[in-house]
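Down below is the structure, laid out as structure tokens.
What follows draws every value from the coordinates through simple rules; no lab data is involved. In this text the structure is predicted, and so the values were computed from the model without any measurement. Reconstructed Cβ throughout: ideal geometry from the backbone, glycine too, with neighbour counts over all protein chains shown.
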Amino acid sequence: MSSRTLNLDDRLYAYLQRVSLREPDVLFRLRKETARLPMAVMQISPEQGQFMAFIIRLMGARRCLEVGAFTGYSALACALALPPDGELVTLDISEEWTAIGRRYWDEAGVSGKVCLQLGPAGESLRRLRREGREGSFDFMFIDADKPGYPDYVEQGFHLLRAGGVIAIDNVLWSGHVADPDVSDPDTMALRNLNAWLHADRRFDLTMIPIGDGLTLLRKRP
Ligand code: CA
């Protein structure tokens with residue numbers, strides 16, 4: 001027994017996956033294709049995808065927003081969890097990576113729920129606000145360039161309904177955020193973000209050591 005969060009060694013991690021993952025085959029194959037890419041480390045873990053799908057269903061979310069689609073794994077996990085009339089707006093800058101996702105979204109029959117917008121996320125988020133989407137999203141996932149995170153959270157705050165949730169990826173950053181000897185721009189951005197969010201009373205907050213660390217924010221009414 002332990003009153004603190006466990007370290008997962010390889011055996012326990014394999015066990016956790018074996019007794020809890022229910023990854024649909026289409027997600028499994030997208031993950032395997034992505035794993036062959038040089039940027040594969042940007043892929044979220046399957047248990048994290050399943051966790052976010054759980055949150056979306058728990059909330060009864062219908063409108064989701066994603067910053068950073070990469071090859072579309074998290075988008076597919078979210079879209080599969082949304083009801084038939086649900087909507088996922090996903091933002092990315094890469095035509096090349098998202099083209100992989102599009103194939104799997106088509107195959108899974110969720111393309112009608114997914115709206116991919118290519119371009120700098122900060123601009124896309126501001127455009128959504130201008131288009132009258134403020135207060136309309138239930139759930140947002142941020143997994144993109146780390147120095148951009150504070151702006152994405154701020155824009156997301158306005159786009160989210162009261163009670164809506166923002167999930168922020170990579171907040172533990174392989175442990176670098178806790179190492180005072182590491183001060184590269186990405187680490188600094190995440191360290192500053194974590195400190196800022198801890199003090200930001202506009203949100204309820206929890207930080208979950210799943211994947212590379214996931215912060216959940218709930219916009220307070
Ligand atoms: Ca990530």
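Some notes on this structure:
- Residues within region 85-118 that are touching a helix residue (DSSP H, G or I) at 6+ places or on another chain (Cβ under 8 Å), of a type outside the set (Lys, Arg) and in contact (Cβ under 8 Å) with a residue 24 or more places away in the chain, tallied: 19
- Qualifying position, being at negative phi and under 14 Å from the mean Cα position of the chain (by Cα), among SER74, SER3, SER20: SER74
- Scan of region 168-184 for residues that are surrounded by fewer than 22 Cβ atoms within 10 Å (Cβ to Cβ) and either touching a residue at least 60 places away in the same chain (Cβ under 8 Å) or of a type in the set (Asp, Glu) (or both), ordered by number: ASP179, ASP181, ASP184
- One residue from VAL177, VAL182, VAL171 being farther than 26 Å from ILE56 by Cα, among the hydrophobic types (A, V, I, L, M, F, W, C) and part of a loop (DSSP other than H, G, I, E, B): VAL182
- Selection count where residues are surrounded by fewer than 22 Cβ atoms within 10 Å (Cβ to Cβ) and assigned to a strand (DSSP E or B), scope region 77-88: 1
- Residue count for region 99-151 satisfying the condition of being assigned to a helix (DSSP H, G or I), among the hydrophobic types (A, V, I, L, M, F, W, C) and farther than 27 Å from PHE203 by Cβ: 4.
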